Amino acid sequence: MDTSYPREERPKDRWPPAAPTPRDHLVWAIFNTLYMNFCCLGFVALAFAVKARDRKVAGDVEAARHFSSKARCYNALATAGSVLLPLLLGALVVTGVIHLSKLAQESVGFFTYQFSGSDDGEQ
């Protein structure tokens, strides 16, 4: 047994450790509201985040968990929608441009048809 340093005995706690308080995701909701507000989901997330913080301050941990879960869900939806929707729109624009350029290359003969002054069929 190692006794090279003195050990202090701490008294045991009478109560079990408290459950961690739920996160309110307020900063994430503010970010989604200000910068990536897709279909007002950022604002809805902000409302639930504020409700979660209010319930946490009031001591109602179960309601705080419920509102925190909803805030996290709406934040995830707002973030995913704000990231995926512009990517999808960009992909559609790129494929449209590629399709139109191929169409223009195929029909260049139609647009460059020139009428000559002499007709061989009328002679």
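The values are calculated or read from the model by the stated rules, or taken from the named source; none is laboratory data. No experiment lies behind these values; they were computed from the predicted model shown. Using ideal geometry, Cβ is built from the backbone for each residue, glycine included, and neighbour counts are taken over all protein chains shown. Heads up: the accessible areas ignore ligands, DNA and RNA and are worked out on the full protein's heavy atoms, side chains in. Shrake-Rupley method; radii C 1.70, N 1.55, O 1.52, S 1.80 Å.
Below, the figures for the structure above:
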{"quantity": "Filtered residue count, the stretch 1-36, keeping only those that are at pLDDT below 75 and over 17 Å from residue 68 (Cβ atoms)", "calculated": "18"}
{"quantity": "Residue check, residue 42 touching a Ser or Thr at 6+ places or on another chain (Cβ under 7 Å) and either in a loop (DSSP other than H, G, I, E, B) or open to solvent by less than 50 Å² (accessible area, probe 1.4 Å) (or both)", "calculated": "yes"}
{"quantity": "Filter result for residue 76 (under 28 Å from residue 20 (Cβ atoms), aliphatic (A, V, I, L, M) and assigned to a helix (DSSP H, G or I))", "calculated": "yes"}
{"quantity": "Tabulated pairs, the stretch 94-123, first of a type outside the set (Asp, Glu), second modelled with pLDDT of 70 or more, C-beta under 9 angstrom, 6+ apart or interchain", "calculated": "111/104"}
{"quantity": "Some residue of the stretch 92-103 being assigned to a helix (DSSP H, G or I), modelled with pLDDT under 95, open to solvent by less than 60 Å² (accessible area, probe 1.4 Å) and in contact with a Leu (Cβ under 8 Å, 6 or more places away or on another chain)", "calculated": "no"}
{"quantity": "Positions within the stretch 19-36 being open to solvent by less than 80 Å² (accessible area, probe 1.4 Å), outside any helix (DSSP H, G or I) and either closer than 26 Å to residue 84 by Cα or among the hydrophobic types (A, V, I, L, M, F, W, C) (or both), in sequence order", "calculated": "19, 24, 25, 36"}
{"quantity": "Enumeration of residues in the stretch 57-75 that are within 15 Å of residue 34 (Cα to Cα) and open to solvent by 40 Å² or more (accessible area, probe 1.4 Å)", "calculated": "74"}
